[in-house]
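Peer 1: I have a structure here, written as structure tokens, and I will follow up with some questions on it.
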Amino acid sequence: MTEVDFFWDPVCPWAWVTSRWLVDVTQQRPIDVQWRFISLRMVNGERDYATDFAPGYERRHTRGLELLRVAAGVRLELGEAAVLPLFTAFGAAIHHEGGAARFDTPAGVAGILEALGYPVGLGTTATSTEHDALIAQETQEALDRCGGNVGTPVLTFGPPDGPSFFGPIINEAPKGQAALDLWDAVVVLGHNPHFSELKRSLRGRPRFDI
């Protein structure tokens, strides 16, 4: 059984696409994924949103932190297995249904929890800071594993001491054999101790398909 940590922020489209690829791989290979947290709001906590980001990014990243608070509450109360269904529900609403703003009201979060059969009361954690220390700890852990200066997603093979990297960043999630081909390539690169970066600036827009 291969163990993997996957650090995600629900508002990041790249983390969403990469997660759908990894989910497909887990259906074909014996891989145990721990769905852990990295908050873009915390990553950018010292930056000036007014000058460093386009309008709307501060609210978007704050919304991501709010949803991670809910995910932390779900994980603590219901266990690790409850996290992926919540991530999937958040991602479908945000990236497929264009419903990110629905989570700006308690009813939006409550609706997701109710649909999953989770305690609706966990939605109140969105505006509470009780889980912020946990989220901050995991965010910093993800950054430290990669050497800092990264975003989301972050993937670790054989945590906590195995190789970690930011990405892979893909704009469409491959499926079936194509998903396995990418997985095998990522495994080889990730385990090469001398490899650090392979990048190109050309990037297609995220294509969402669940």
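Every number here is computed from the coordinates shown, using simple stated rules; none is lab data. Computed from a predicted structure; not experimentally measured. All Cβ positions, even for glycine, are placed from backbone atoms using ideal geometry, and neighbour counts span all protein chains on display.
Peer 1: Mind checking the stretch 17-85 for chymotrypsin sites (Phe, Trp or Tyr not before Pro) that DSSP puts in a loop (not H, G, I, E or B) and that have at most 14 other Cβ atoms within 10 Å?
Peer 2: Counting only loop positions with at most 14 other Cβ atoms within 10 Å, the chymotrypsin sites (Phe, Trp or Tyr not before Pro) in the stretch 17-85 are Phe53.
Peer 1: Additional query: In the Gaussian network model of the chain, springs joining C-alpha atoms below 10 Å, which of Ala92, Ala50, Ala15 carries the largest mean-square fluctuation?
Peer 2: Ala50
Peer 1: A further question follows. Counting DSSP beta bridges with both partners in the stretch 2-190, what percentage is antiparallel, nearest 5?
Peer 2: Of all bridge pairs located within the stretch 2-190, approximately 50 percent are antiparallel.
Peer 1: Let me ask another. State the Cα centre-to-centre distance between the stretch 1-77 and the stretch 90-117 in whole Å.
Peer 2: Between the Cα centre of the stretch 1-77 and that of the stretch 90-117, the gap is 15 Å.
Peer 1: Could you calculate the FRET efficiency of Thr2 with Leu76 from 1/(1 + (r/R0)^6), where r is the beta carbon distance between them and R0 is 22 Å, rounded to 0.05?
Peer 2: Working: r = 25 Å, r/R0 = 1.16.
After rounding to 0.05, the efficiency reads 0.30.
Peer 1: So if R0 is 22 Å, what FRET efficiency would Ala107 and Thr129 give, r being the distance between their Cβ atoms, rounded to the nearest 0.05?
Peer 2: For R0 = 22 Å, the calculated efficiency reads 0.55.
Peer 1: What do you get for Rg/Rh of the chain when both radii come from the Cα atoms and Rh is the Kirkwood radius?
Peer 2: Reported Rg/Rh (Cα atoms, Kirkwood Rh): 0.94.
Peer 1: Computed from the mean reciprocal separation of all distinct C-alpha pairs, what Kirkwood hydrodynamic radius does the stretch 145-210 have, in Å?
Peer 2: Computed over the stretch 145-210, the radius equals 13.2 Å.
Peer 1: Through the Karplus equation 6.51 cos²θ - 1.76 cosθ + 1.60, θ set to phi - 60°, convert the phi angles of the stretch 46-63 into ³J(HN,Hα) values in whole Hz; use x for Gly and Pro.
Peer 2: Computed from phi, the couplings for the stretch 46-63 are 9, 8, 8, 5, 5, 10, 9, 9, 5, x, x, 5, 5, 5, 4, 5, 5, 4 Hz.
Peer 1: Say each of Ala50 and Asp144 gets a label point 7 Å from the Cα, pointing the same way as Cα to Cβ; how far apart are those two points in nm?
Peer 2: 3.4 nm
Peer 1: Quickly estimate the mean residue ellipticity at 222 nm for the chain, helices only: each DSSP H run with n ≥ 4 gives -39500 (n - 2.57), and the total goes over all residues, rounded to 500.
Peer 2: -14000 deg cm²/dmol
Peer 1: Can you pull the one-decimal nm distance between simple spin-label points at Arg205 and Thr62, each 7 Å off the Cα toward Cβ?
Peer 2: 2.7 nm
Peer 1: Connecting C-alpha atoms closer than 10 Å in a GNM of the chain, tell me which of Glu58, Glu46, Glu66 has the biggest fluctuation.
Peer 2: Glu46
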